[in-house]
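**Student:** Following this message is one structure expressed as structure tokens.
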Amino acid sequence: MSESGFEFHRSSGVLLHPTSLPGPDGIGDLGHCAFRFVDWLHQHGQSLWQILPLGPTSFGDSPYQTLSAFAGNPLLISLESLVDDGWLSPEDLFARPDFDEERVDFGPVIQWKFSVLQKAWSVFLERASSSHWNQFKIFRQENALWLNDFALFMALKEEAGGKAWCHWDAALVSRKVEALQEARERLDKCINCYAFIQWLFFEQWQKVKVYASSKGVRLVGYVPIFVAYDSSDVWANPQYFRLDDDGRPTHVAGVPPDYFSKTGQLWGNPLYDWKALKADGYSWWIDRLRTGLEMVDLIRIDHFRGFAGYWEVPAAEKTAINGTWQPGPGAELFKALQNVFGKNLPLIAEDLGVITTDVVKLRDEFNLPGMKILQFAWSGPDNLFLPHEHVTNCVVYSGTHDNDPTLGWWEHLTDAATRDLVKEYTGCAVEEPNWTLIRLGMMSSAHTFIATMQDVLGLGRQARMNLPGEGTGNWNWRMPADALTDAAGQRLARLTWLYRRRPDQVLTAPKDPEFDEANATP
């Protein structure tokens with residue numbers, strides 16, 4: 001990043017959350033397959049790897065409802081890498097269950113991984129050298145801002161049988177100094193174990209990040225605007241949230257009724273006390289982005305419109321109907337961020353949905369790229385998501401984690417009129433809709449294009465990552481172990497070369513296995 005901030009270049013990449021990688025422990029992790037995926041991206045001209053939030057998940061397994069906005073997800077720790085590092089022996093993995101290779105079964109994965117991670121902590125206590133202890137100590141010191149509260153939060157949550165913090169002892173809910181000190185002493189071993197697990201995560205993640213950088217691959221992270229109520233963030237920083245004297249939310253987040261829902265969407269996340277955050281110089285948000293940018297190069301910030309204005313719903317409501325629009329922090333927050341991260345903020349504004357002029361004004365005032373989703377582009381020739389309407393300063397996606405993969409969208413969610421419009425727009429028969437949208441994204445004037453890995457692989461509805469509104473069955477798709485073939489990669493590389501999205505690396509034209517060179521015009 002330059003002194004003026006982040007610089008966008010014409011580029012392309014792939015959206016794939018690490019949990020979807022292949023691997024032996026029931027879930028993708030930060031081991032061999034993560035490095036192999038970076039190699040695959042590099043070999044096929046891709047310079048961006050976009051992921052979903054990396055925080056520790058809880059009930060529902062959603063990466064958007066995490067136990068901390070700062071901590072890492074222990075389920076992503078590679079156990080095989082811990083064997084290489086000496087914190088486990090090969091025998092410790094002999095009892096590995098026979099996991100499903102196509103889906104993450106979170107219950108057994110959580111049980112298995114945490115049992116082995118606790119074993120690694122025991123080995124560390126027995127064998128760690130003074131150098132290792134010093135590295136662990138430095139990590140704790142450098143991350144004390146969030147780590148001390150998070151490790152205590154997790155230890156207390158474990159002691160309470162997983163109950164939300166609002167159901168703990170009243171003295172802990174209100175964070176009485178004496179109660180917190182007594183808990184730290186009582187749960188010292190458990191607190192240290194949780195801190196150790198975070199050290200393992202960040203050690204492994206940084207190795208992936210450094211390797212990706214060495215291959216010219218920049219990491220794109222994701223920061224949800226709101227945080228989960230049952231999180232160390234809210235428990236440790238109640239002054240920044242709209243809570244009553246008992247620590248319960250007075251108002252919660254959502255979106256108003258619209259064409260898609262007569263009752264709106266009641267998300268339930270606690271709302272920020274923006275006056276309190278402003279009085280503190282927006283330090284919590286600065287710290288949140290600083291921690292995020294130590295992990296990734298660029299952040300897609302969710303529900304950007306909430307910074308201009310957000311839908312406030314009384315906490316007692318059962319739907320989002322009886323909410324009101326309230327002003328967000330607006331430009332003041334982003335000016336504070338510019339003072340730290342430079343004029344060109346390393347952010348992508350997720351500006352989907354019903355976007356009003358104040359949201360557009362805020363986005364453009366800080367020159368933030370918005371988003372275009374090609375699956376949403378087919379209502380008519382005036383649709384702003386169509387490539388001829390794209391501006392340079394935007395990020396184009398074939399679809400997102402909340403959409404059907406393009407094949408599923410094409411087969412189940414389009415009608416004859418939509419399919420005819422795609423055919424007319426492209427001027428050719430649509431035989432592979434996933435590659436049709438990838439080509440349209442690649443040729444766009446937008447500086448950035450990102451395809452989902454499902455679209456690159458030509459997968460359908462069975463590979464969907466998330467169906468919003470469904471409480472179960474989400475976030476569990478895994479990429480097949482043999483998916484990283486040259487066939488899909490070469491097609492991606494060919495389009496990357498053709499539309500000049502990696503001119504620094506792709507200097508010659510990769511072969512396209514679907515391209516008939518014998519009949520091609522020179």
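**Student:** Kindly check whether there is at least one residue in segment 353-360 that is within 24 Å of the chain's Cα centre (by Cα), closer than 30 Å to S47 by Cβ and crowded, with 21+ Cβ neighbours inside 10 Å.
**Tutor:** Yes, the conditions are met somewhere in segment 353-360.
**Student:** Can you list the strands (runs of 3 or more DSSP E) lying wholly within segment 222-318 that have 1 or more residues being of a type in the set (V, I, T)?
**Tutor:** The qualifying strands (runs of 3 or more DSSP E) are 251-255, 298-301, 309-314.
**Student:** What do you reckon, is T426 at pLDDT below 95 and more than 23 Å from G292 (Cβ to Cβ)? First the steps, then the outcome.
**Tutor:** Numbers: at pLDDT below 95: no; more than 23 Å from G292 (Cβ to Cβ): yes.
No: the conditions fail for T426.
**Student:** Looking only at segment 460-479, filter to residues that are crowded, with 19+ Cβ neighbours inside 10 Å and either without any contact (Cβ under 8 Å) to a residue 12 or more places away in the chain or aliphatic (A, V, I, L, M) (or both); which one of those is nearest to W409 (Cα to Cα)?
**Tutor:** So the residue we want is A463.
**Student:** Right, another one. For segment 122-185, please list each of the helices (runs of 4 or more DSSP H) lying entirely inside it that holds at least 3 residues being touching a helix residue (DSSP H, G or I) at 6+ places or on another chain (Cβ under 7 Å) and closer than 25 Å to F202 by Cβ.
**Tutor:** 130-142, 144-159
**Student:** Does segment 9-25 include one or more residues that are within 12 Å of the chain's Cα centre (by Cα), under 23 Å from N476 (Cβ atoms), hydroxyl-bearing (S, T, Y) and surrounded by fewer than 20 Cβ atoms within 10 Å (Cβ to Cβ)?
**Tutor:** No; the residues of segment 9-25 include none that is within 12 Å of the chain's Cα centre (by Cα), under 23 Å from N476 (Cβ atoms), hydroxyl-bearing (S, T, Y) and surrounded by fewer than 20 Cβ atoms within 10 Å (Cβ to Cβ).
**Student:** Identify all residues within segment 332-352 that are of a type in the set (D, E, K, R) and either part of a helix (DSSP H, G or I) or surrounded by 16 or more Cβ atoms within 10 Å (Cβ to Cβ) (or both); write none if there are none.
**Tutor:** If the condition is that a residue be of a type in the set (D, E, K, R) and either part of a helix (DSSP H, G or I) or surrounded by 16 or more Cβ atoms within 10 Å (Cβ to Cβ) (or both), then E332, K335, E350, D351 are the ones that fit.
**Student:** Can you name every residue in segment 88-133 that is under 30 Å from P63 (Cβ atoms) and hydroxyl-bearing (S, T, Y)?
**Tutor:** S115, S122
**Student:** Being of a type in the set (S, T, N, Q), in contact with a helix residue (DSSP H, G or I) (Cβ under 8 Å, 6 or more places away or on another chain) and not in a loop (DSSP other than H, G, I, E, B) is the filter here, so list the residues in segment 56-76 that pass it.
**Tutor:** Scanning segment 56-76 gives a single hit, T57.
**Student:** Next question. Starting from segment 277-302, keep only residues that are closer than 16 Å to F334 by Cβ, then list their pairs with residues that are part of a loop (DSSP other than H, G, I, E, B) and among the small types (G, A, S) whose Cβ atoms are within a distance under 8 Å, requiring at least 6 positions of separation or different chains.
**Tutor:** Partner pairs satisfying both residue conditions: R288/A69.
**Student:** Going through S129, S81 one at a time, which residue ends up being out of contact with any Leu (no Cβ under 9 Å at 6 or more places or on another chain) and small (G, A, S)?
**Tutor:** Going through S129, S81 in turn, the sole match is S129.
**Student:** Name the residues in segment 165-188 that are closer than 15 Å to F150 by Cβ and of a type in the set (F, W, Y), would you?
**Tutor:** Scanning segment 165-188 gives a single hit, W165.
**Student:** Let me ask you something else. Against the condition among the hydrophobic types (A, V, I, L, M, F, W, C), touching a Leu at 6+ places or on another chain (Cβ under 9 Å), closer than 28 Å to I348 by Cα and not in a helix (DSSP H, G or I), how does A212 come out, does it pass?
**Tutor:** On the way: among the hydrophobic types (A, V, I, L, M, F, W, C): yes; touching a Leu at 6+ places or on another chain (Cβ under 9 Å): yes; closer than 28 Å to I348 by Cα: yes; not in a helix (DSSP H, G or I): no.
No; evaluated as a whole, the condition is false for this residue.
**Student:** With the structure loaded, tell me whether Q326 is assigned to a helix (DSSP H, G or I) and in contact with a strand residue (DSSP E or B) (Cβ under 9 Å, 6 or more places away or on another chain) or whether it fails that test. Working first, answer last.
**Tutor:** Numbers: assigned to a helix (DSSP H, G or I): no; in contact with a strand residue (DSSP E or B) (Cβ under 9 Å, 6 or more places away or on another chain): yes.
Judged against the criteria, Q326 is not a match.
**Student:** If a residue must be at pLDDT below 95 and either under 16 Å from R305 (Cα atoms) or not polar (S, T, N, Q) (or both), how many such residues does segment 248-294 contain? So that I can check it myself, show each step before the final result.
**Tutor:** Initial filter on segment 248-294 (at pLDDT below 95): 254-268.
If we keep only those that are either under 16 Å from R305 (Cα atoms) or not polar (S, T, N, Q) (or both) too, we end up with 254-260, 262, 264-268.
Here the count works out to 13.
**Student:** As an exercise: evaluate T250 against (1) crowded, with 21+ Cβ neighbours inside 10 Å; (2) over 17 Å from the mean Cα position of the chain (by Cα); (3) among the β-branched types (V, I, T) and give the number of the one condition it does not meet.
**Tutor:** (1) is the only condition that T250 fails.
**Student:** List the pairs whose first member sits in segment 173-184 and is in contact (Cβ under 8 Å) with a residue 12 or more places away in the chain, whose second member is surrounded by 15 or more Cβ atoms within 10 Å (Cβ to Cβ) and of a type in the set (A, V, I, L, M, F, W, C), and whose Cβ atoms are under 7 Å apart, counting only residues at least 6 apart or on separate chains?
**Tutor:** Cβ pairs passing all conditions: V173/W165; V173/C166; A183/L152; A183/L156; A183/L172; R184/L152; R184/I191.
**Student:** Is segment 196-211 home to any residue that is under 29 Å from the mean Cα position of the chain (by Cα), farther than 30 Å from L15 by Cβ and at pLDDT 95 or above?
**Tutor:** Within segment 196-211 (the criterion being under 29 Å from the mean Cα position of the chain (by Cα), farther than 30 Å from L15 by Cβ and at pLDDT 95 or above), the answer is yes, since at least one residue qualifies.
**Student:** Here is a list of conditions, (1) assigned to a loop (DSSP other than H, G, I, E, B); (2) free of Cβ contacts under 8 Å to residues at least 40 places away in the same chain; (3) among the aromatic types (F, W, Y), and W410 meets all of them except one; can you say which number that is?
**Tutor:** For W410, the exception is condition (1).
**Student:** Please specify each residue of segment 253-283 satisfying the condition of being out of contact with any Pro (no Cβ under 6 Å at 6 or more places or on another chain) and surrounded by 21 or more Cβ atoms within 10 Å (Cβ to Cβ).
**Tutor:** A253, G254, V255, N269, L271, Y272, L277, Y282
The values are calculated or read from the model by the stated rules, or taken from the named source; none is laboratory data. In this text, all values refer to a predicted model and were calculated from it rather than measured experimentally. Don't worry about glycine lacking a Cβ; one is built from the backbone with ideal geometry, like all the others, and counts go over all protein chains shown.
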